[in-house]
1. If you go through the range 99-111 one residue at a time, do you hit one that is in contact with a strand residue (DSSP E or B) (Cβ under 9 Å, 6 or more places away or on another chain) and not charged (D, E, K, R)?
2. Please tell me if Leu175 is open to solvent by 70 Å² or more (accessible area, probe 1.4 Å), free of Cβ contacts under 8 Å to residues at least 40 places away in the same chain and either of a type in the set (A, V, I, L, M, F, W, C) or assigned to a loop (DSSP other than H, G, I, E, B) (or both).
3. Say we look at the range 90-107 and pick out the residues that are over 19 Å from Glu18 (Cα atoms) and of a type in the set (Asp, Glu); which of these is surrounded by the most Cβ atoms within 10 Å (Cβ to Cβ)?
4. Check Ile130, Ile110 and return the single one that is in contact with a helix residue (DSSP H, G or I) (Cβ under 9 Å, 6 or more places away or on another chain), open to solvent by less than 70 Å² (accessible area, probe 1.4 Å), within 26 Å of Ile82 (Cα to Cα) and of a type outside the set (D, E, K, R).
5. Name every residue in the range 32-89 that is surrounded by 21 or more Cβ atoms within 10 Å (Cβ to Cβ) and on the phi > 0 side of the Ramachandran plot, in order of residue number.
6. Being in contact with a Phe, Trp or Tyr (Cβ under 6 Å, 6 or more places away or on another chain) and open to solvent by 10 Å² or more (accessible area, probe 1.4 Å) is the requirement here; does Glu149 meet it?
Amino acid sequence: MSTPEELADVRSLNGLAEMWRTAANGSRRFVPNFDPRSGGRSSRVLVLMQSPGPQTIAAAHAAICSEDNPGPTAAAFRAARIESGLARNEYVRWNLIPWELPDRVRLADIDEGRHALATLLAALPALNAIVTYGAVALDGVMRHLTLDERPRLIPVIAAPHPSPANGRHRSEQHLRSVRALQLAALARPL
């Protein structure tokens with residue numbers, strides 16, 4: 001059960017999600033809420049995926065970005081997170097591109113996502129590490145660090161995306177995910 005302070009921590013992040021629901025052209029788009037069982041603004045680790053998956057999108061207004069979501073990607077991440085020993089209240093899970101993508105990821109999507117990432121990072125004062133899952137999330141973080149005027153330097157640990165579509169070497173993929181989360185839990189501010 002979450003305390004009122006923890007819920008307030010996530011509520012302020014959900015204010016960001018609401019802001020991102022309005023695109024630059026004024027149209028509305030799908031963006032899930034943050035997981036109320038996460039560490040919220042007090043998180044020490046940001047787990048960053050690519051964009052909301054189909055099962056999250058299907059949940060519509062009830063959707064949250066959570067390890068509890070149905071589907072194999074969330075299940076694979078949850079198993080790795082539990083095995084790593086990273087406590088649920090020490091991390092927040094999010095997407096580089098927080099909104100639903102109609103088709104393949106474009107560079108413009110990554111750039112728009114990196115601007116949203118800069119806003120999110122500013123809202124996470126206790127953050128010690130970022131774990132990226134997949135090439136898009138890693139590219140977005142690296143673009144943020146190398147293109148923004150004054151980026152906040154935070155250690156970044158990359159792991160393969162836990163999607164079953166990315167599963168030729170599933171046991172290595174799981175091991176890398178566990179290890180990335182363990183390293184992130186040990187990270188201290190630069």
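The values are calculated or read from the model by the stated rules, or taken from the named source; none is laboratory data. Keep in mind the model is a prediction, meaning the values are calculated, not measured. Cβ placement follows ideal geometry from the backbone for every residue including glycine, while neighbour counts extend to all protein chains displayed. These accessible areas exclude ligands, DNA and RNA; they are computed on the full protein's heavy atoms, side chains included. Shrake-Rupley method; radii C 1.70, N 1.55, O 1.52, S 1.80 Å.
1. From the range 99-111, those in contact with a strand residue (DSSP E or B) (Cβ under 9 Å, 6 or more places away or on another chain) are none; that's our starting set.
No; the residues of the range 99-111 include none that is in contact with a strand residue (DSSP E or B) (Cβ under 9 Å, 6 or more places away or on another chain) and not charged (D, E, K, R).
2. Details: open to solvent by 70 Å² or more (accessible area, probe 1.4 Å): yes; free of Cβ contacts under 8 Å to residues at least 40 places away in the same chain: yes; either of a type in the set (A, V, I, L, M, F, W, C) or assigned to a loop (DSSP other than H, G, I, E, B) (or both): yes.
It is true that Leu175 is open to solvent by 70 Å² or more (accessible area, probe 1.4 Å), free of Cβ contacts under 8 Å to residues at least 40 places away in the same chain and either of a type in the set (A, V, I, L, M, F, W, C) or assigned to a loop (DSSP other than H, G, I, E, B) (or both).
3. Glu90
4. On the way: Ile110 fails: within 26 Å of Ile82 (Cα to Cα).
After applying the criteria, what remains is Ile130.
5. Gly40
6. On the way: in contact with a Phe, Trp or Tyr (Cβ under 6 Å, 6 or more places away or on another chain): no; open to solvent by 10 Å² or more (accessible area, probe 1.4 Å): yes.
Taking the combined requirement at face value, the residue does not satisfy it.
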